[in-house]
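Taking it in order: structure first as structure tokens, then the write-up.
The values are calculated or read from the model by the stated rules, or taken from the named source; none is laboratory data. This structure is a prediction, so every number in the text was calculated from the model and none was measured. Methodologically, a virtual Cβ is constructed for each residue, glycine included, from the backbone with ideal geometry; neighbour enumeration extends over all protein chains shown. The accessibility values were calculated without ligands, DNA or RNA, using every heavy atom of the protein model including side chains. Shrake-Rupley method; radii C 1.70, N 1.55, O 1.52, S 1.80 Å.
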2 protein chains.
Amino acid sequence: MTTRNPVPILAIHGGAGTLLRSAMSAEQAAQYEAALHAVLQSGEALLASGASALDVVTEAVRQLEECPLFNAGKGAVYTADATHELDACVMDGRDLAAGAVAGVSRVRNPVRAARALLETSRRDAGPVMLIGPPAEAFAAAQGLESVAPDWYGTEARYQQLLKARQKLAQGGGGGQALLDHDGAALQAASGPLDDETKFGTVGAVALDAQGHLAAATSTGGMTNKRPGRVGDSPLIGAGCYANDATVAVSCTGSGEMFMRAVTAYDVSALMEYAGLSLADATRKVVMDKLPRIDGRGGLIAVSRDGEVSLAFNTEGMYRGSVRAGEAPVVAIYAEGGA
Amino acid sequence: MTTRNPVPILAIHGGAGTLLRSAMSAEQAAQYEAALHAVLQSGEALLASGASALDVVTEAVRQLEECPLFNAGKGAVYTADATHELDACVMDGRDLAAGAVAGVSRVRNPVRAARALLETSRRDAGPVMLIGPPAEAFAAAQGLESVAPDWYGTEARYQQLLKARQKLAQGGGGGQALLDHDGAALQAASGPLDDETKFGTVGAVALDAQGHLAAATSTGGMTNKRPGRVGDSPLIGAGCYANDATVAVSCTGSGEMFMRAVTAYDVSALMEYAGLSLADATRKVVMDKLPRIDGRGGLIAVSRDGEVSLAFNTEGMYRGSVRAGEAPVVAIYAEGGA
């Protein structure tokens, strides 16, 4: 199964969730597809020019962070305190080097802070993971752009926070009544996947021409989340993992369950130790192991042989992939349609 | 290999590292052994009375946190800013429920905060992991004791910080000269394992009479560490893991490498997917996989069948185990002596 000169490939995701039944969804779907397409096209150019998988996933996630449609960087959701707290992780399959930040509120691109930690930890045996203000200070010292804590916010995300608060005040179950009364402003606050229930994360996995794998994941967390909450996204082996011997994985979903299931590394372990194919390993993890603990969401994965898997147990996942020299393929819904 | 009515067992560790060549080490060793013995004796009484593995590991780690000899809770090391930042994780093998805190500075017993998160996340589908001040606020709201940020400090740990700073100022390699000039005060700052190079963590793993497994890990981090640094201790699958189907594991070592290797879950995966025995799985992880990425330290593990493994690739590890109805066995050095 080993490919000596694999065709480079990049896969990305922008979160998984349930479909929003709305007249606007076709129009909105096109917007999301265009955004995914643009990131993949840019990544394809990098891969074709010989860029490393590590550089390609870092740049793809940086672009997803910059896009306000996705819950990472600009467009990150609000915490219960109407603040933003972002997490990110990057891993290099060559030597298992990694970097991660959690709870940052002033770093324009958390994935670049994670990448800088990967580099400094590799060079100086320094920390792999930093949290909170020290992570922000590290990023600034590395020359990365700092932003004001309100930079990430958008009107759409703020409306989502207000809705989430209103729902809670009505006792949690009152969501449907609220949806029925939605005006255009609130509708516009969501994409074709219901942002109120969507697991908002972005991620990228890539295999480069040298056969190296890399993965990156970034998130703004959950709308109305308790400040200080950390999910799977910045945790090596939970929301992000890469190993040249097996696979690169980036997850999106109910973070607590992905942490408890050590989901990203589990895909690798099933391939390495149990001899499962990429497809079987991701199916087992997403369709069997996660549901057993009520884990909902999905993951993207690229194997050392260049196979790709975009697996999810929700109604949809913003996703796409591209091979060097080919055109991107993007999808939102379960059947690969739209 | 399945035992229907296993004999309950508890294993604990207090960190791994290199031996300190010192005239005082025999006397100090006795002190550390007595501390480990007391924790095991208390745990044995709990196990014999039918306590759950989860309760036993939480209480064992709480006692290790209270003991100033070990780097967790009271006696935690100082960061580069002469502050304390503590991390802890607890996991229940019954249902993979878990709780974790990182970067807390006001919670007397971080393991109890982690345990409270385990309970609330199981009950309310709340966060599994909280960091920083919100984790402290959560613990206080749960009725757990808060302390002033300087409560954890001891004179011995402060001397270690001063030594670490002095070494750094001398260019890192100047450690030996410093050691040669040590006075009694500085000697007393270390145990028989050299505290300057020791990986300071405490942990417990247990199997109870119902066949359930649990694991807990707690740490004060590394002396002179960059504030905000998080190691493997509070990360599910890295420094702590428990699964009734396989094993409970608590790690101590160079945290960055344990994170990258997803060490605790790796032991479980090797047993479940590759069919390795507990001894073979821990040997592979500690003696083969970790050294490949310069990972130093060790782990304690108890399998579903009641086997125990206390494995390390350093000169020593503070460790011990006890079966219900038997006397504790403790050790520090590699040959199980002292």
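The length gained by stretching the chain between B:Ala26 and B:Ala125 to full extension, at 0.36 nm per residue less their Cα-Cα distance, is 30.7 nm.
Could you check which residue among B:Val147, B:Val57, B:Val111 shows the biggest mean-square fluctuation in a GNM of chain B with a 10 Å Cα cutoff? Highest fluctuation of the listed residues: B:Val147. The Cα atoms of segment B:299-338 give a gyration tensor whose axes a ≥ b ≥ c have a/c of 1.5 or more with a/b no greater than b/c, which makes the shape oblate. Stretching the chain fully between B:Asp288 and B:Ala334 yields a gain of 14.9 nm (0.36 nm per residue, less the alpha carbon separation).
With just the Cα atoms defining each centre, how far is segment A:273-338 from segment A:62-97? Give it in Å. Value for the Cα centre distance between the two parts: 20 Å. Under a GNM of chain A (C-alpha, springs under 10 Å), which listed residue has the highest mean-square fluctuation: A:Asp288, A:Asp266, A:Asp55? Highest fluctuation among the options: A:Asp288.
In order along segment A:82-91, phi translates into HN-Hα couplings of 6, 10, 10, 9, 10, 10, 7, 8, 9, 9 Hz, rounded to whole numbers, per the Karplus curve 6.51 cos²θ - 1.76 cosθ + 1.60 with θ = phi - 60° and x for Gly and Pro.
Ascending distances from the A:Ala169 label point to its copies in the other chains, with the point 7 Å along the Cα-to-beta-carbon line: 5.8 nm.
Computed over protein heavy atoms with a 1.4 Å probe, the accessible surface of chain A works out to 34 Å² per residue. Taking the Cα centre of the protein assembly as shown as the origin and placing charges on Cβ (Lys, Arg +1; Asp, Glu -1), which of B:Ile9, B:Leu19, A:Leu10 is farthest toward the positive end of the dipole? Looking along the dipole axis, the top candidate is B:Leu19.
Sorted from longest to shortest, the spans of the Cα atoms of segment B:1-104 along the three principal axes equal 47, 34, 25 Å. Accessible-area loss of 30 Å² or more (1.4 Å probe, protein heavy atoms, chain alone versus all protein chains) is found in segment B:128-154 for B:Val128, B:Met129, B:Leu130, B:Ile131, B:Pro134.
Springs between Cα atoms under 10 Å define the GNM used for chain A, and in it the highest mean-square fluctuation of A:Leu96, A:Leu290, A:Leu168 occurs at A:Leu168. Bridge orientation summary for segment B:1-133: considering DSSP beta bridges with both residues in this region, about 65 percent are antiparallel.
Using a 1.4 Å probe over protein heavy atoms, the accessible area lost on pairing A with B, summed over both chains, comes to approximately 3000 Å². Helix A:263-274 against the longest principal axis of chain A: what's the angle in degrees, Cα atoms only, rounded to the nearest 10? Helix A:263-274 sits roughly 40 degrees off the main axis of chain A. A:Pro133 label point (Cα plus 7 Å toward Cβ) to equivalent points in the other copies: 0.8 nm, shortest first. Taking segment A:188-304, how much of its Cα-Cα pair set, in percent, is spaced more than 19 angstrom apart? Counting pairs separated by more than 19 Å, the tail of P(r) holds 44 percent.
Taking 30 Å as the straight-line reach from the Cα of B:Lys198, the lysines in range (excluding those fewer than 8 positions away in the same chain) are B:Lys74, B:Lys163, B:Lys167, B:Lys225, B:Lys284, B:Lys289. Each of B:Gln170 and A:Ala34 was given a label point 7 Å from its Cα along the Cα-to-Cβ line. The distance between the two points is 6.5 nm.
The mean number of partner chain beta-carbon atoms within 10 angstrom of a residue's beta-carbon across peptide B:261-271 is 5.
To the nearest ten degrees, helix B:155-169 and the longest principal axis of the Cα atoms of chain B are 60 degrees apart. Distances between equivalent label points of A:Ala334 across the copies, with each point positioned 7 Å along Cα→Cβ, amount to 5.6 nm, shortest listed first. The H on the amide N of A:Gly237, modeled in the peptide plane, is under 5 Å from the matching H of A:Tyr265, each at least 5 residues off or on a different chain. Look at the stretch B:322-330: the mean tally of other chain Cβ atoms within 10 Å of its residues' Cβ atoms is 0.
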